[in-house]
Amino acid sequence: MLEIKNLHVKLEDEEKQILKGVDLKVEAGKVHAIMGPNGSGKSTLSYVLSGRDGYEVTEGSAELEGEDILELEPEERAAAGMFLAFQYPVEIPGVGNMTFLRTAVNAQRKARGEEELSASDFLKEVRAKAKTLKIDAEMLKRPVNVGFSGGEKKRNEILQMAMLEPKLCILDETDSGLDVDAMKLVADGVNALRDEGRGFLVITHYQRLLDHIKPDVVHILANGRIVKTGGPELALEVENNGYAGILAEEA
Ligand code: ADP
Ligand code: MG
Ligand code: MG
């Protein structure tokens, strides 16, 4: 599904190298988690995969189902089946949430050569999915994320993800700033999307999200490289002992 090889990334206008040779393979049907200390490059990895400006790939590659994604525009990456839920979801004043979702869904369908959803089918689907995420009708009418609480923004991201049915879902610290109930809603929303044909990359600083979204594989990213890979027990080791032990072991 996703194959990253020897990825090196630096800031466009500084010499500072942030990612220093990341290797990662996410198979369809699997949930991979990336954990790591603050400042290790986790968000940078998600930004580079999404095509955000300001970062320069100096070496290495990233492919989605064999297609080089680093050359694609952000909207082309989305059309290819990538979805990113960010640590800080953006607000879009002046664009209604429902209108935004419908435009995104239909653009996606068009890119896949599918017909547009009719207004009534779209409405039915969005209402059903919003309900399971406890997003009320009023929130669907408001401008995208404007004035939403942290928890509402994160649930709204999961709603977008559920509507777009991507092949690869990347979640960057979707749990940060959420109380336990909101985190459970987000986790349930993600779990409902788990599927044989879909891969997940779940980036999180803390282990607690992984109590609810059970990963198949856990990677530790430190200082721009993946320094350790294991099963769910690796997340528990971090929970119990922090990162210090793993980093000392690697050094
Ligand atoms: P994480 O998500 O693991 O906390 P980040 O990817 O946000 O880490 O950051 C990795 C490192 O790169 C940090 O030292 C951070 O300060 C730096 N960095 C990332 N983006 C920028 C930027 N736009 N300008 C300056 N420094 C940045
Ligand atoms: Mg951070
Ligand atoms: Mg981050």
(message) The conditions are (1) more than 16 Å from ligand 3 (Cβ to nearest atom); (2) open to solvent by 20 Å² or more (accessible area, probe 1.4 Å), and I69 fails exactly one of them. Which is it?
(response) (2)
(request) Run S118 past the list (1) touching a His at 6+ places or on another chain (Cβ under 7 Å); (2) more than 16 Å from ligand 1 (Cβ to nearest atom) and report the number of the one that doesn't hold. (result) (1)
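Tell me which residues, restricted to the stretch 33-48, are of a type in the set (S, T, Y) and more than 6 Å from ligand 1 (Cβ to nearest atom).
Within the stretch 33-48, the first condition is being of a type in the set (S, T, Y), and the residues that meet it are 40, 43-44, 46-47.
Listed by number, the residues that qualify are S46, Y47.
Out of curiosity, is K20 more than 16 Å from ligand 1 (Cβ to nearest atom) and either touching a Phe, Trp or Tyr at 6+ places or on another chain (Cβ under 7 Å) or open to solvent by 30 Å² or more (accessible area, probe 1.4 Å) (or both)?
Spelling it out, it is not the case that K20 is more than 16 Å from ligand 1 (Cβ to nearest atom) and either touching a Phe, Trp or Tyr at 6+ places or on another chain (Cβ under 7 Å) or open to solvent by 30 Å² or more (accessible area, probe 1.4 Å) (or both).
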(request) Could you tell me which numbered condition K10 fails, if it satisfies all but one of (1) open to solvent by 50 Å² or more (accessible area, probe 1.4 Å); (2) basic (K, R); (3) within 16 Å of ligand 1 (Cβ to nearest atom)? (result) (1)
(message) Tell me whether the stretch 56-65 contains one or more residues that are buried (at least 18 other Cβ atoms within 10 Å of the Cβ), hydrophobic (A, V, I, L, M, F, W, C), part of a strand (DSSP E or B) and within 16 Å of ligand 3 (Cβ to nearest atom).
(response) no
(message) Restricting to the stretch 191-243, count the residues that are closer than 27 Å to G81 by Cβ, among the small types (G, A, S) and either without any contact (Cβ under 8 Å) to a residue 40 or more places away in the chain or surrounded by fewer than 22 Cβ atoms within 10 Å (Cβ to Cβ) (or both).
(response) 3
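Yes or no, residue by residue, for (1) at pLDDT 95 or above; (2) touching a Gly at 6+ places or on another chain (Cβ under 6 Å); (3) within 15 Å of ligand 2 (Cβ to nearest atom):
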{"position": "K5", "(1), (2), (3)": "yes, yes, no"}
{"position": "V9", "(1), (2), (3)": "yes, no, no"}
{"position": "V31", "(1), (2), (3)": "yes, no, no"}
{"position": "I34", "(1), (2), (3)": "yes, no, yes"}
{"position": "S50", "(1), (2), (3)": "no, no, no"}
{"position": "V57", "(1), (2), (3)": "yes, no, no"}
{"position": "S61", "(1), (2), (3)": "yes, no, no"}
{"position": "P74", "(1), (2), (3)": "no, yes, no"}
{"position": "R77", "(1), (2), (3)": "no, yes, no"}
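Just to confirm my filter: which strands (runs of 3 or more DSSP E) fall fully inside the stretch 1-51 and include at least 1 residues that are of a type in the set (K, R)?
Numbers: elements: 2-11, 17-26, 31-35.
Counting at least 1 such residues, we get 2-11, 17-26.
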(request) Determine whether the stretch 70-85 contains at least one residue that is more than 19 Å from the chain's Cα centre (by Cα) and not in a strand (DSSP E or B). (result) yes
(message) Tally up the residues in the stretch 164-190 that are open to solvent by less than 10 Å² (accessible area, probe 1.4 Å) and either within 14 Å of the chain's Cα centre (by Cα) or in contact (Cβ under 8 Å) with a residue 60 or more places away in the chain (or both), please.
(response) 11
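State whether the residues of the stretch 83-95 include one that is more than 30 Å from S149 (Cβ to Cβ) and more than 16 Å from ligand 1 (Cβ to nearest atom).
no
Does S43 satisfy being within 16 Å of ligand 2 (Cβ to nearest atom), in contact (Cβ under 8 Å) with a residue 40 or more places away in the chain and open to solvent by 20 Å² or more (accessible area, probe 1.4 Å)? Spell out the reasoning first.
On the way: within 16 Å of ligand 2 (Cβ to nearest atom): yes; in contact (Cβ under 8 Å) with a residue 40 or more places away in the chain: yes; open to solvent by 20 Å² or more (accessible area, probe 1.4 Å): yes.
In short, yes.
The values are calculated or read from the model by the stated rules, or taken from the named source; none is laboratory data. Just so we're clear, the structure is a prediction, and the values are computed from it rather than from any experiment. Don't worry about glycine lacking a Cβ; one is built from the backbone with ideal geometry, like all the others, and counts go over all protein chains shown. When the accessible area is computed, the model is the full protein with side chains, heavy atoms only, and any ligands, DNA or RNA have been set aside. Shrake-Rupley method; radii C 1.70, N 1.55, O 1.52, S 1.80 Å.
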